[in-house]
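Presented below is the structure to which this report refers.
The values are calculated or read from the model by the stated rules, or taken from the named source; none is laboratory data. Here the structure is a predicted model, which is why all the values come from computation and not from measurement. Cβ atoms come from the backbone with ideal geometry, glycine included; neighbour counts cover every protein chain shown. Please note that ligands, DNA and RNA were not included when accessible areas were found on the heavy atoms of the full protein model with its side chains. Shrake-Rupley method; radii C 1.70, N 1.55, O 1.52, S 1.80 Å.
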Amino acid sequence: MVKTLQSAAVIGDDLAWVGGETHLVIVGDILDRGPDSRRAMDLLMKLEPEAAAAGGKVHVLIGNHEAMNLIADLRYVSRSEYAAFAEDESPADRERWFIQFAAERAPAEMTPKELRELFDRSFPAGFFAHRRAFSATGKYGRWLLEKPIIVVINDTAFVHGGVSPMIGKIGLDGVNGVLRGEMQRYVEHLDILYEAGALLPTDNFYKHPAILEAFMPPIDADVELLDSIAAAKALNHSDVHESDGPLWYRGNAACGELIEADRLEATLAAIGAERVVIGHTPTYGRRIYQRFGGSVVEVDTGMYGDYYQGSGNAVIIEGDRVAAVNEADSEPKAVEPSPRHVGQRPAGFLTANDIERLLKTGRIVGITETEQGAEVVTVTDGENTLEAVFAKRAGRGFLPEAAAYRLDLLLGLEMVPVTVRRALGRAEGTLQFKVPGAVNEQMRSEKGYGAAAQCSLPDQWSAMLVFDALIHNEGRFRQSMLYSPDVWQLLLVGHDRAFTNSKGRPKHLENQQLVLNNRWRKALRSLSDDLLTEHLGDVLDKRRITALGKRRDELLELP
């Protein structure tokens, strides 16, 4: 962090502010990043008045990990972070909470020795001083609760997770007023509930409602305690904690342009911004990227290198210029568009172009057959090795998997895995990147997976239906809907029954309501007959391309 701020020319060798009138924005997640989280906060607290005195400003935004530390969701706090507070913790304080834990939260049938070991293991040295420091009256809790969740500087919005439609509905005042206020009141009520014994500092945020529901207040309980119990149960479900809230939303980073661009544009307009800078979702390749023509700038480059294998980077905005600097290089570099990323990679940060090149020219070192009869080919370039599924040509001049991939590229759908033309022996066909660990829709639905999808599953399904109507896909089964389990991204395969000569829709879509937003319509209008012939002419015959164009026109006629 220090190296990055020095590369960005806002602090000097002595860690003092040298940025003049620069505005430094920290988009959250200072915490849960290793042993020096406390030192990072202390540095920012020191820089705030120094920057103000020079005419600049330090904007520290609340991220989801700041919120988690405040509300007692401590899943990601490391022992080393607690250790930074160990000197502030008295033996008497630990003993007080051990006695209460033993009386009210101890698992059954534990010996005193086992209970003490469990307590010390679960709540290591510094835990209770850490909780006190992040209380409403603690040094860091008081400081963080004064911070905004979102700011707009000139025409750029800054927020930790992303600008979801929720932000467009409630506005900046709703986010920094209502949502932040609900979190602040929750933390204030926690102090009252701890003091009364209704909750313990060792209780996890997600267990608070059930514990409070079961808590029996004393007969002479004052109104303040009763109000705090009721308020905490309600505020535990505040929108500030929701996946589509500004601290947790990942749609700006994870959804394709056909899904996200329209609502992003509407939300930015509602808050008076032209672009948004976001953190929260580590970028593929661990570099600063832009999406949607620069409307989104992604700055989470996995700076906590031990876990995310990234480095420190900062985005520099000067007038209309957007550039980036790295912790090891203070020379600003252009911010490149985010690379297409469909499916997790087996190793390294391979781009779609890297995979295309490897599948086209790599050496085939193995061929196996699945139980379903598919041929899986192992391809290597000596440095990277991938698996790909081979599909034979479905007819003269007809390679449906290649056609689906190329059409996906033209539309910007970002769902079809990389597919290239390649012969296997004398058999002409295609190789399609086989995403490691992919899960099909049947398994996903049976197991109930996908709730944590970075781009919501209903949004992805809606885009799939439009695509299948366009290509007249009669073979969209649960086995041809795959998911990359790292982020639950939908992957579309199995297009051997697509690209027919038929007009209209396949039978299973005849009564399906298709949702075409403005971005979909723009993408469809861009598919001129000449463009389709240019990009698909070697994988689809003329009749199929003509039928594809007619279905394009039919979709554009939908209300």
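Some points to look at:
- Residue check, Ser135 of a type in the set (Ser, Thr, Tyr) and in contact with a Lys or Arg (Cβ under 9 Å, 6 or more places away or on another chain): yes
- Test: residue in the range 61-70 that is closer than 23 Å to Phe158 by Cα, of a type in the set (D, E, K, R) and open to solvent by 20 Å² or more (accessible area, probe 1.4 Å): no
- Verdict on Arg263 being within 29 Å of Asp486 (Cα to Cα), crowded, with 20+ Cβ neighbours inside 10 Å and either free of Cβ contacts under 8 Å to residues at least 60 places away in the same chain or basic (Lys, Arg) (or both): no
- Looking at the range 339-411, the strands (runs of 3 or more DSSP E) lying wholly inside it that each contain 2 or more residues that are open to solvent by less than 20 Å² (accessible area, probe 1.4 Å) and of a type in the set (A, V, I, L, M) sit at 375-380, 385-392.
- Counted as qualifying within the range 1-81 are the helices (runs of 4 or more DSSP H) with 2 or more residues that are among the β-branched types (Val, Ile, Thr) and more than 19 Å from Trp143 (Cβ to Cβ), namely 2-7.
- In the range 289-318, the residues that are open to solvent by 10 Å² or more (accessible area, probe 1.4 Å) and among the aliphatic types (A, V, I, L, M): Val299, Met303, Ala314, Val315, Ile316, Ile317
- The condition of being over 24 Å from Leu247 (Cβ atoms), surrounded by fewer than 15 Cβ atoms within 10 Å (Cβ to Cβ), at pLDDT below 95 and not β-branched (Val, Ile, Thr) holds for only one of Ala92, Ala52, Ala108, that being Ala108.
- Any hit, the range 504-526, residues being surrounded by fewer than 22 Cβ atoms within 10 Å (Cβ to Cβ), in contact (Cβ under 8 Å) with a residue 40 or more places away in the chain and within 28 Å of Glu428 (Cβ to Cβ): no
- Remark: pairs (first residue in the range 1-23, more than 24 Å from Pro35 (Cα to Cα); second residue among the β-branched types (Val, Ile, Thr) and open to solvent by 30 Å² or more (accessible area, probe 1.4 Å); Cβ separation under 6 Å; 6+ apart in sequence or on different chains) = His23/Ile153.
- Scanning the range 420-452 for residues that are open to solvent by less than 20 Å² (accessible area, probe 1.4 Å) and without any contact (Cβ under 8 Å) to a residue 40 or more places away in the chain gives Gly429, Gly450.
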